[in-house]
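The block underneath contains the structure these notes are about, expressed in structure tokens.
The values are calculated or read from the model by the stated rules, or taken from the named source; none is laboratory data. This structure is a prediction, so every number in the text was calculated from the model and none was measured. Backbone-built Cβ (ideal geometry, glycine too); neighbour counts: all protein chains shown.
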Amino acid sequence: MIDDVSPERKCINEAKHLYHVFVSRWEKESDLEAHEIADALTDAFDEYYEIDEDDPHFKFDPDLGKDE
């Protein structure tokens with residue numbers, strides 16, 4: 001069988017699956033609604049693409065910006 005699915009479609013399908021898993025988890029573990037989770041992910045993507053990974057001071061910190 002020949003796999004006719006494009007790399008772009010494969011990426012989209014995997015992203016949808018990851019989103020489903022992520023939303024399911026956060027809906028159970030928080031009081032966030034699906035649209036609030038989507039907004040938070042949009043903010044996360046925006047912040048991610050603002051990062052200059054070539055900056056010698058860049059270090060990924062998953063707790064950065066975490067509310068205390």
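A few remarks follow.
- Condition check for residue 18: modelled with pLDDT of 90 or more and among the aliphatic types (A, V, I, L, M): yes
- Restricted to the stretch 46-65, and to residues there that are exposed (fewer than 10 other Cβ atoms within 10 Å of the Cβ) and either in contact with a Leu (Cβ under 7 Å, 6 or more places away or on another chain) or in a helix (DSSP H, G or I) (or both), the residue that is modelled with the highest pLDDT is 46.
- The residue of the stretch 1-44 that is surrounded by the fewest Cβ atoms within 10 Å (Cβ to Cβ), among those that are aliphatic (A, V, I, L, M) and touching a helix residue (DSSP H, G or I) at 6+ places or on another chain (Cβ under 6 Å), is 34.
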